[in-house]
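Worksheet: one structure, shown below.
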Amino acid sequence: MGLELYLDLLSQPCRAIYIFTKKNGITFQQHTVELLKGQHLSDAFAQVNSLKKVPAMKDGDFILTESVAILLYLAHKYKVSDNWYPQDLQARARVDEYLAWQHTTLRRNCLRALWHKVMLPVFLREQVAPEILAATLAELDMTLQLLEDKFLQNKAFLAGNCISLADLVAITELMHPVGAGCQVFEGHPKLAAWSQRVKAAVGEELFREAHEVILNVKNCSPADLTLKQKMMPGVLAMIR
Amino acid sequence: MVLELYLDLLSQPCRAVYIFAKKNGIPFQLRTVELLKGQHYTDSFAQVNPLKKVPALKDGDFILAESVAILLYLSRKYKAPDHWYPQDLQARARVDEYLSWQHTSLRSCCTRAMWQKMMFPVFLGHTVPPETLTSTLAELDRCLQLLEDKFLRDQPFLTGPHISVADLVAITELMHPVSAGCRVFESRPKLAAWRQRVEAAVGEDLFQEAHAVVLKAKDMPPLDPTLKETFKHSLKSLLQ
């Protein structure tokens, strides 16, 4: 049995993995786990990932969760080109630094922006107080500034001259508030230029393919009451 | 120029880096940054880490933040024994999986549990609402269960037969609520046995040394009132 990836392209970390595997010609069987249908909460999926989250990877009997771990596993196993996770000690450390930092900062703020602006009101029909949305967007903006000032600085890509795992993880996060209608690159021209470079390095078509779902998310149908009740605790924990 | 590590042993990630460096005989100059005196907010420290956090590493001109990145950098540069961060693809993936998962789970609830139970009352003279503390401790409990069920299982260490950086990162986190008087190990014999193994592998003396500061935290004097404003923003997230 070959490599299997359990993904929903609604999810940012899933998009990073999807782009990485496609870009590097890594063949896999895709199992779509539709988050907005609550499929991640099913008993069947719990057999794959007891944490009930995507992405998840199954390589024969070996099951792996956590997108950063999956990306590193794939990079090592399929011996991808050096730029993705450089051998050079300091260049690699820069990638590791970004991949560690982003969990509680960009990832968190991008998730909250999407859910506060679109998903809670449209999908779960829950009003979000304007002050909360404003605070979330302000925090996102501060994180974007940090991304520019501390990570990107005057480099072409986050960890140096070439695209790396850090750029994939970052760009897919930023597409979350973009999908919610946030003007993420306004006021951040450096980030705008960087995002063009990343898209070009990935390939426009692959980038578009990976982001079709999120860019259409504003049109999602509201959840029925049963699904809403099932999903609510997980959603609240996720965006806390 | 010798390696410099900017640490405060009050901080869990600093303890992990400290133990790793000492255990592996890595020579470094310790630069203590006293968090409770707000030294991480000084302009001089911002020159080292603009993110204003510890730990931070300075190796000549190379500056690195994020404890996970620092641990991996040190293990590679100083060629630490393989078990700390194994070459084997799947063994390494298990360590990466833990290091990724912990940011938004164990780390988050250990920090909040310690602050809400002890630091707010003792250091800031502020009692946290009982419902908040109860909810945080319940969350900690769920995380500990996950740690046992998903990671430790029936293995001697979190990711297999030998101690790795995952165990260091986890044990130093758990000592945070322990220092606040939370009975983390008492009703969890599996975790207690794992703790003994980790302490033995690290060495009792080094383990004590790394935890001397945090285990005395409950006896510290209250915050200097002139520093209250400095701390206000960062404390908000600890009250969730």
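Taking a ≥ b ≥ c as the square roots of the eigenvalues of the alpha carbon gyration tensor, segment A:24-112 is oblate, as a/c is not under 1.5 and a/b does not beat b/c.
Determine the percent antiparallel among the DSSP beta bridges restricted to chain B, to the nearest 5. Here the share of antiparallel DSSP bridges comes out near 65 percent.
Highest GNM mean-square fluctuation among A:148, A:212, A:139, for chain A modelled with Cα contacts below 10 Å: A:212. The distance linking segment B:79-100 with segment A:143-220 is 29 Å (Cα centroid to Cα centroid, whole angstrom).
Ordering B:79, B:236, A:150 by how much accessible area each has at a 1.4 Å probe, largest first, what is the list?
On the way: B:79 165, B:236 135, A:150 30 Å².
Reading off the accessible areas and sorting them downward yields B:79, B:236, A:150.
Accessible surface area normalised per residue over chain A is 42 Å², counting heavy atoms of protein chains with a 1.4 Å rolling probe. Which residues in segment B:38-65 place their backbone N less than 19 Å from a point set 7 Å from the Cα of residue A:90 along the Cα-to-Cβ direction? Those under the cut-off are B:47-51, B:56-65.
Stick to the Cα atoms of chain A, pair each with every other, and give me the Kirkwood hydrodynamic radius in Å at one decimal.
In chain A this quantity evaluates to 18.4 Å.
In deg cm²/dmol, rounded to 500, what helix-only [θ] at 222 nm does chain B give when every DSSP H run of at least 4 residues adds -39500 (n - 2.57) and the total is split over its residues? For chain B, the value works out to -15000 deg cm²/dmol.
Take the Cβ-Cβ distance between residue B:42 and residue B:215 as r, set R0 to 35 Å, and report the resulting FRET efficiency rounded to the nearest 0.05. Each step should come with its number before you reach the end.
Details: r = 27 Å, r/R0 = 0.76.
About 0.85, to the nearest 0.05.
Once a ≥ b ≥ c are taken as the square roots of the eigenvalues of the Cα gyration tensor of the protein assembly as shown, is the result rounded (a/c under 1.5), prolate (a/b larger than b/c) or oblate (a/b not larger than b/c)? Because its axes are fairly even, with a/c under 1.5, the protein assembly as shown counts as rounded. Residue A:163 exposes around 10 Å² of accessible area when a 1.4 Å probe is run over every protein chain in place.
Looking at B:1, B:86, A:129, which one has the Cα that reaches farthest to the positive end of the dipole of the protein assembly as shown (charges on Cβ: Lys, Arg +1; Asp, Glu -1)? Of B:1, B:86, A:129, it is A:129.
Computed over protein heavy atoms with a 1.4 angstrom probe, the accessible surface ordering of B:103, B:233, largest first, is B:233, B:103. When A:131, B:204, B:66 are compared by accessible surface with a 1.4 Å probe, the order from highest to lowest is A:131, B:204, B:66.
Across segment B:50-55, coupling constants 3J(HN,Hα) worked out from phi with the 6.51/-1.76/1.60 Karplus curve, θ = phi - 60°, read x, 7, 6, 9, 10, x Hz, and Gly and Pro carry x. At an R0 of 22 angstrom, the distance between the Cβ atoms of residue A:34 and residue A:238 translates into a FRET efficiency of 0.85. Reported to the nearest whole Å, the Cα centre-to-centre distance from segment A:107-128 to segment B:209-234 is 35.
Karplus-based coupling profile of segment A:44-61, in residue order and whole Hz: 4, 6, 4, 5, 7, 9, 5, 7, 6, 10, 10, x, 9, 10, 10, 10, x, 8, with θ = phi - 60° in 6.51 cos²θ - 1.76 cosθ + 1.60 and x standing for Gly or Pro. In terms of overall dimensions, the C-alpha atoms belonging to chain B reach 50, 47, 29 Å along their principal axes, ordered largest to smallest. As a calculated quantity, the FRET efficiency between residue B:62 and residue A:197 at R0 = 25 Å, using C-beta atoms, amounts to about 0.55.
Take the Cα of residue A:42, step 7 Å toward its Cβ, do the same at residue B:199, and the gap between the two points is 4.7 nm.
Averaged over the residues of peptide B:141-152, the number of Cβ atoms from other protein chains lying within 10 Å of each residue's Cβ is 1.
Under the simplified labelling scheme, the residue B:233-residue A:51 pair shows an inter-label distance of 3.0 nm, with each label point 7 Å from Cα along Cα→Cβ.
In order along segment B:225-240, the phi-based Karplus estimate (6.51 cos²θ - 1.76 cosθ + 1.60, θ = phi - 60°) of 3J(HN,Hα) comes to x, 5, 9, 4, 4, 4, 8, 3, 5, 6, 7, 3, 5, 7, 9, 7 Hz; Gly and Pro are listed as x.
Distance between the 7 Å Cα→Cβ label points at residue B:192 and residue A:205: 6.2 nm. To the nearest 10, the accessible area of residue B:142 is 150 Å² with a 1.4 Å probe.
Per residue, how big is the convex hull of segment B:176-227 when only Cα atoms are used? Give it in Å³.
88 Å³
The values are calculated or read from the model by the stated rules, or taken from the named source; none is laboratory data. What you see is a predicted model; the values in this text were computed from it and never measured. Glycine gets a Cβ as well: all are built from the backbone with ideal geometry, and neighbour counts include every protein chain shown. Accessible surface is based on the protein model in full, side chains and every heavy atom, while ligands, DNA and RNA are left aside. Shrake-Rupley method; radii C 1.70, N 1.55, O 1.52, S 1.80 Å.
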